[in-house]
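Structure record follows, encoded as structure tokens.
Values quoted throughout were computed directly from the atomic coordinates according to the rules given, and no laboratory measurement underlies them. Just so you know, these numbers come straight off a predicted model, no measurement behind them. As a convention, Cβ positions derive from the backbone with ideal geometry for all residues, glycine included, and neighbour counts pool all protein chains shown.
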Amino acid sequence: MASTTTTAVPAMSRPSRPGLARRIRWTERIAEGLVLLVSLVSILSVLLILIFVGKEALPVLFSPEVHREVTPGAMVLPYADAGYMWQPVSDVPKYNILPLFVGTLKVTLVALFVSVPLSVGAAVYVCEFAPRAAREYIKPAIELLAGIPSVVIGFFALIVLATWVQRVFGVEHRLNALVAGFGLAFAVCPVIFSVSEDALRAVPDSYRTAALALGSTRSQTLLRVILPAAAPGIAAAIVLGFGRAIGETMIVVLASGNAALLDADLGHSIRTVTATIAQELGEVVVGSAHYHVLFALGALLFLSTLGVNVVGERIVFRMRRRMGGP
Amino acid sequence: MTIAVKTGQIRRRPNVADRTLIGLTGLATLIILAMLAVVLGDVIIGGWSVLSWHFLSEAPRDGMTKGGIFPAIFGTVALTLLMTIVAVPAGVATAVYLSEYAPADSRLARVIRICIANLAGVPSIVFGLFGLGFFIATVGHGIDTVAYGGQPTYGKPSLIWAALTLAILTLPVVVVSTEEALKSVPRELRDGSLALGATKFQTILRVVLPQALGGIMTGGILAVSRGAGEVAPIMFTGAAYFLPYLPTHLNDQFMNLGYHVYVLATQSPDVDRTKPLLYGTVLVLLLLTFMLNIVAVVVRARFRKRMAAAR
């Protein structure tokens with residue numbers, strides 16, 4: 001396409017100024033080279049994140065110095081005297097990471113339980129039922145929700161949501177998994193909404209018209225034709241929302257109560273993996289066992305979100321190809 | 001465009017099931033919109049009375065229970081400016097490579113795309129760990145060893161490291177938005193320019209990029225808005241609880257609106273006394289990020305409309 005036209009350029013300028021063609025060619029090459037070089041920054045960044053988070057995390061597996069204080073086994077098995085306990089700052093530091101992962105899972109499940117029906121429902125409404133004029137306001141408004149900084153949502157959850165949750169559910173502790181999960185839903189909803197909306201939009205109009213022409217009602221069309229066709233995309237949306245939820249930091253730091261308890265009660269305070277890193281890394285001695293354990297938590301977090309995102313993106317990609325979209 | 005019958009044109013009287021479904025999904029939409037409204041409403045009501053010239057122009061006093069938040073505003077602006085200077089050119093160049101230079105079946109382009117997508121999914125706290133481990137402990141420490149005789153000058157939390165960490169975090173925002181804009185520039189414009197004898201780079205610089213300016217600006221604005229609101233990546237890479245002076249060098253620490261909110265909300269001995277300040281700070285942060293977001297949404301909507309009309 002474009003390459004066939006570019007070859008004409010040097011040919012045209014050659015007769016008038018002989019040196020110009022070469023100079024132009026060199027500028028072109030240098031420009032393309034620079035653009036290429038800068039675009040490698042993204043690859044470099046991902047590699048550097050892997051290397052430098054990994055570098056500080058690996059001593060947990062291999063350094064005998066760290067093993068004097070904590071071994072990988074001790075991080076998952078219960079302590080004989082204290083059980084599953086995360087208490088890195090004490091005379092005998094305890095590094096059991098299970099309470100942290102269970103905490104993350106608890107808030108994430110609460111957040112998904114709230115945001116999946118809401119955001120998939122909203123996506124269906126916007127795509128299938130909303131009058132066109134309303135659609136043009138609803139979509140940007142939900143995009144704006146995604147633009148609220150998470151520390152603001154965390155603050156809101158801490159001051160307002162916590163009071164509401166205590167009043168409605170009568171929980172004992174003001175800050176708990178429910179409050180943090182509801183707060184998290186504010187951040188997760190826009191993610192699930194926009195990916196689901198894309199998925200629904202990718203379903204060709206011919207599916208709808210065919211179903212309606214065959215005599216189905218609108219609800220039959222939606223439930224039997226459109227939703228099944230968009231199902232992989234909606235699944236991807238939920239997966240990506242999950243990834244967003246486990247990685248979110250400021251909301252859970254402010255609203256979860258930050259007590260590393262291991263139980264299934266949603267009314268109890270919890271401490272997530274992200275909140276642990278955020279609150280402890282500032283005070284830790286660089287190079288200590290605690291420092292390396294925090295980086296190991298970060299590495300685990302990084303790998304799990306990476307896995308989650310790869311799965312999500314793959315589903316979206318496949319679905320687009322099948323629907324013949326962009 | 002295909003000649004498709006629009007769904008809305010087939011009118012069928014909704015039955016009970018249809019109505020229930022429309023009602024339920026409409027309710028879901030309303031609830032999400034209400035979430036937006038309730039956060040905005042609460043912050044505006046709580047923070048409005050606190051806003052004043054003094055609040056915006058003074059430093060915190062009396063253990064941060066009185067005074068204003070000027071250093072935090074200054075720090076946030078300085079941080080996001082520095083971040084933008086790095087993230088926007090890098091992001092635009094990446095998008096230009098992906099959409100203008102890379103061959104359609106390019107392996108490299110695919111790898112870059114995968115990296116961008118993954119970068120966008122990395123939790124922000126991991127960027128904080130990365131900034132600490134790479135920029136401060138490795139690059140900064142290296143600079144100190146070579147140029148400052150081991151004196152900690154750059155090997156500590158600083159404005160520049162926080163800004164670079166944020167630049168990597170916001171890179172995907174710029175790339176995605178710019179690429180979308182570049183794709184919407186009609187092929188005929190490129191062909192016309194090339195046919196007139198312009199080189200490829202001249203075409204990109206003088207024809208394609210100006211046409212895509214709306215999308216590029218949207219990306220930049222969204223990146224600034226995102227960067228201004230992030231706290232987790234800068235906690236360990238440069239933000240300070242309280243500083244009696246404004247940052248003047250790249251290796252100074254700085255105060256930041258989002259971090260200030262976190263500090264006031266968690267570390268204050270007397271939450272009731274700091275609550276008005278807290279609301280005020282949140283409102284300023286929200287105004288800053290939200291205004292930028294609204295601008296971005298409007299610019300994008302206009303841009304899309306124009307592009308649709310051009311086709």
Shielding by partners for B:222-232, please: the mean number of other protein chain Cβ atoms within 10 Å of each residue's Cβ. 4
Rg followed by Dmax, in Å, when chain A is reduced to its Cα trace: 26.2, 89
Any idea what angle helix A:41-57 forms with the longest principal axis of chain A, computed on alpha-carbon atoms, 0 to 90 degrees, nearest 10? 20
What is the angle, in °, between the Cα long axis of helix A:98-124 and the longest principal axis of the Cα atoms in chain A? Nearest 10 is fine, range 0 to 90. 40
Whole-Hz ³J(HN,Hα) for each residue in the stretch B:207-216, computed from phi via Karplus 6.51 cos²θ - 1.76 cosθ + 1.60 with θ = phi - 60°, x for glycine and proline: what do you get? 10, 6, 4, x, 5, 8, 3, x, x, 5
Computed over chain A: longest principal axis from alpha-carbon atoms vs helix A:177-202 long axis, angle to nearest 10 degrees, is 20
Taking the mean number of other Cβ atoms within 10 Å as a proxy for protection, how do you rank B:40-51, A:138-149 from highest to lowest? A:138-149, B:40-51
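Please compute the contact order of chain B in relative form: average sequence separation of alpha-carbon pairs under 8 Å and at least six residues apart, divided by the residue count, as a percent. Kindly include the intermediate steps, with their values, before the conclusion.
Numbers: 389 pairs, mean separation 77.5, N = 311.
It comes to 25 percent, rounded to a whole number.
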Counting other C-beta atoms within 10 Å, which of A:92, A:76 has the fewest, and how do the rest follow? A:92, A:76
Which ³J(HN,Hα) values, rounded to whole Hz and listed in residue order, are derived for the stretch B:41-52 from phi using the Karplus coefficients 6.51, -1.76 and 1.60 in 6.51 cos²θ - 1.76 cosθ + 1.60 with θ = phi - 60°, glycine and proline given as x? x, 4, 5, 5, 5, x, x, 4, 5, 7, 4, 7
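Quick one: order A:94, B:66 by neighbouring beta-carbon count within 10 Å, fewest to most.
B:66, A:94
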What Rg and what Dmax come out for the protein assembly as shown when only alpha-carbon atoms are used, in angstroms? 26.2, 89
With x for Gly and Pro, the residue-by-residue ³J(HN,Hα) of the stretch B:142-159, computed from phi through the Karplus equation 6.51 cos²θ - 1.76 cosθ + 1.60 at θ = phi - 60° and given in whole Hz, is x, 4, 4, 5, 6, 9, 10, x, x, 5, x, 10, 10, x, 8, x, 8, 3
What FRET efficiency, computed as 1/(1 + (r/R0)^6) with R0 = 41 Å and r the Cβ-Cβ distance, is obtained for residue A:137 and residue A:68, rounded to the nearest 0.05? 0.10
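Taking each residue of B:13-25 in turn, how many C-beta atoms of other protein chains fall within 10 Å of its C-beta, and what is the average?
That works out to 5 on average.
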So how far, in whole Å, is the C-alpha centre of the stretch A:255-326 from the one of the stretch B:49-80? 33
Which cross-chain or sequence-distant (5 or more) residues have an amide H under 5 Å from the amide H of residue A:79, H modelled 1.01 Å from N in plane? A:84, A:85
Within a 10 angstrom radius of each residue's Cβ in B:192-202, how many Cβ atoms of other chains show up on average? Whole number is fine. 5
Taking chain A as a Gaussian network, where each spring joins two C-alpha atoms under 10 Å apart, which residue of A:151, A:273, A:102 fluctuates the most? A:151
Residues meeting the amide H criterion for residue A:95 (H placed from the backbone, H to H distance under 5 Å, 5 or more places apart or on another chain) are A:87
For A:164, B:53, B:161, ascending order of other Cβ atoms within 10 Å (fewest first) is B:53, A:164, B:161
Amide H of residue B:67: which non-local residues (sequence gap of 5 or more, or other chain) have their own amide H closer than 5 Å, using H built in the peptide plane? B:61
So what's the back-of-envelope 222 nm ellipticity for chain A, counting only DSSP H runs of four-plus at -39500 (n - 2.57) apiece and dividing by all residues, rounded to 500? -22000 deg cm²/dmol
